[in-house]
Amino acid sequence: MTVDLHNYVATVENFPEEGVSFRDLSPLMGNGVAYRQTIDAIANFAKDLKIDLIAGPESRGFIVGSPLAYALNIGFVPARKGGKLPRAAVSASYSLEYGGENVLEIHKDAIKPGQRVLIVDDLLATGGTINATREIIAELGGVVAGVAFIIELKDLQGREKIMRAGDVPFLSLMTY
């Protein structure tokens, strides 16, 4: 059974600040059929990319990346917020959508040179998180084989920012 994933996205107006329409994926993740369809669609995209690993930025990238890695029988690499990893890590900073900066880190031994990595996240806004993840993967010698999202917010032009960092296969299941 195929469902329209748009029916499982709740829009919360004026959150986290005035004028923002927050796209909440909790209903999608709470529905087994919609969640499975989402993960299966990204897995189908990933099959032709010959990937070795999935990388997902904290925290919602974990929600997409972990079941995807399981479905593809490959490993998952978390890109954690700064200061959360216990061993030597590589980091990159990025600008937050609503102002300020943040840092992502990946353990130095998580990605080996030449490994092909698919970066996944729940939502693409400005592209900062994804480009920081790309920067770390490249520093570790990995190859970004593609990027995938459940939702893309087109007006924030994240896709364009990602592609400026180097053209990669791209998937978004829904756009707003």
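Considering only residues in region 1-60 that are among the acidic types (Asp, Glu) and closer than 24 Å to residue 78 by Cα, the one that is farthest from the chain's Cα centre (by Cα) turns out to be 48.
Scanning region 74-124 for residues that are under 15 Å from residue 59 (Cβ atoms) and small (Gly, Ala, Ser) returns 79, 82, 83.
Summed over region 135-176, residues that are under 19 Å from residue 112 (Cα atoms), β-branched (Val, Ile, Thr) and in a strand (DSSP E or B) total 3. Against the list (1) among the aliphatic types (A, V, I, L, M); (2) surrounded by 13 or more Cβ atoms within 10 Å (Cβ to Cβ); (3) out of contact with any Lys or Arg (no Cβ under 9 Å at 6 or more places or on another chain), the condition residue 25 fails is (3). Looking across 103, 33, one residue alone is within 23 Å of residue 3 (Cβ to Cβ) and surrounded by fewer than 18 Cβ atoms within 10 Å (Cβ to Cβ). It is 33. Quick check: is even one residue across region 82-103 within 14 Å of the chain's Cα centre (by Cα) and of a type outside the set (D, E, K, R)? So far as region 82-103 goes, no, none of its residues is within 14 Å of the chain's Cα centre (by Cα) and of a type outside the set (D, E, K, R). Inspection of region 29-39 identifies no residue that is free of Cβ contacts under 8 Å to residues at least 24 places away in the same chain, out of contact with any Cys (no Cβ under 7 Å at 6 or more places or on another chain), over 17 Å from residue 149 (Cβ atoms) and hydrophobic (A, V, I, L, M, F, W, C).
Against the conditions (1) within 17 Å of residue 152 (Cα to Cα); (2) in contact with a helix residue (DSSP H, G or I) (Cβ under 9 Å, 6 or more places away or on another chain), residue 46 satisfies every one except (1). Name every residue in region 47-99 that is assigned to a loop (DSSP other than H, G, I, E, B) and in contact (Cβ under 8 Å) with a residue 24 or more places away in the chain, in order of residue number. Hits for region 47-99 are 49, 50, 51, 52, 58, 84, 96, 97, 98. When residue 130 is tested against (1) more than 17 Å from the chain's Cα centre (by Cα); (2) of a type outside the set (Asp, Glu); (3) crowded, with 22+ Cβ neighbours inside 10 Å, exactly one condition is not met: (1).
Quick one: is residue 15 among the aromatic types (Phe, Trp, Tyr), surrounded by 13 or more Cβ atoms within 10 Å (Cβ to Cβ) and either touching a helix residue (DSSP H, G or I) at 6+ places or on another chain (Cβ under 6 Å) or outside any helix (DSSP H, G or I) (or both)? No, not satisfied.
Bear in mind these aren't lab numbers, they're just calculated from the coordinates by the rules spelled out. All values derive from a computational prediction rather than experimental measurement. Cβ sites come from the backbone with ideal geometry, for glycine too, and all protein chains shown count toward neighbours.
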